[in-house]
Amino acid sequence: MPGAERDIEGSAAFFEVAARQRACREYTDEPVDDPTVRRLLEAATRAPSAENTQPWVFVVVRDPQRRAAIGELTRRAWTQGARQFSEGRLTPDLLADVEVGALGGIAAAPVLVVVAGDTRLALEVVLGASIYPAVQNLLLGATALGLGSALTTLPTVAGRELADLVGLPPEVKALAVVPLGWPARRLGPSRRAPVADKAHAEVFGVPFTGGEA
C-alpha cells in the first residue's frame, strides 16, 4: 500500500520457512523443552477459527508409555488398511518413508501433540476449518525453529481409544497428532508441482502463471 511500511526482510523469512516445511518421520531422542513447545502452541492459537470460537485443544504427550500406545494405534491403522490403500497411490520412496513413521518413527518423537476440537465451542462439522489452520501454524513454527514435525491422522481412526489415552471427554474430538522433535537426518527440500499446474486464472483450465512466460 502506498506510504505503508513494508517488512520485506520479515516477509522473505516467512516464505523461506514455508518453502522448507515438510513432514519429518524420524527423530532423535534429544528432548524439546517446555518453553519451546509453549512457543509453538502460542503460534498455533494465532490461527483463524470459525466465528473466532477457537475450539482447539492441545494435549502435549511426553510419557513414553503413552507415546508408545499412540504409536501402536498408528501402527494398527497402517497395517490394517491404510498401507493397502496407499500402495499404488504413493511413490515407492514416499510409501517407505510413511511406513517408517507409521511403524514407530512418529511415536519415537520426544513430544506428541494430540490436536482436538471442542464441539461445545463449534459445530463438529466445521471443526476442521479451525483445527487444521492451527496445525499448519504449529508445523510452520516447528520448521522455523529447526524442529521436525508432521501431521498424521492415522491414530484418530481409533478415535475413542486415542481419546481415552489422553483423557478427552466425549465432546472433544481428536483430529490429528503432531510429533515434534529434532530430525534424525537432514530433510531435503519439499517437492511440489508448479503453481501453474494447480492454479487457474478466472476459469478452470486457464493456468495462472503469475506473469511468468
On Cα atoms only, tilt of 127-144 relative to the major axis of the chain in degrees: 80
Only Lys, Arg (+1) and Asp, Glu (-1) charged, at Cβ; the stretch 106-213 dipole about Cα centre in debye: 380
Net charge of neighbours whose Cβ lies under 13 Å from the Cβ of THR119, counting Lys and Arg as +1 and Asp and Glu as -1: -1
If R0 is 22 Å, what FRET efficiency do you get for VAL157 and VAL125 from their C-beta distance, rounded to 0.05? 0.70
Cα-based equivalent ellipsoid of the stretch 89-175: semi-axis lengths in Å, sorted from largest, via gyration tensor: 24, 16, 13
What size of dipole, in debye to the nearest 20, comes out for the chain about its Cα centre when the only charges are +1 on Lys and Arg C-beta atoms and -1 on Asp and Glu C-beta atoms? 380
Taking 7 Å along the Cα-to-C-beta vector as the label spot, tell me the PHE208-THR53 distance in nanometres, rounded to one decimal. 2.8
Would you work out the Kirkwood radius for the stretch 51-115? I mean one over the mean of 1/r across all pairs of different Cα atoms, in Å. 13.2
Under the Karplus relation with 6.51, -1.76 and 1.60 and θ = phi - 60°, whole-Hz ³J(HN,Hα) for the stretch 184-201, x at Gly and Pro, equal 6, 9, 5, 8, x, x, 5, 10, 9, 5, x, 4, 4, 7, 10, 10, 10, 9
Top positive-direction residue, dipole computed over the chain with Cβ charges, set SER49, SER11, GLY148: GLY148
Lys and Arg at +1, Asp and Glu at -1: neighbours of GLY167 with Cβ under 14 Å from its Cβ sum to -2
Let me see the P(r) profile for the chain: every Cα-Cα distance counted, bins of 5 Å, each bin given as a percent of all pairs. 1, 7, 13, 16, 17, 17, 13, 8, 4, 2, 1, 0
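Each value in this text was obtained by applying a stated rule to the coordinates, not by laboratory testing. Predicted model only: the values in this text are computed from it and were never measured. Glycine also receives a Cβ, built like all others from the backbone with ideal geometry; neighbour counts cover every protein chain displayed.
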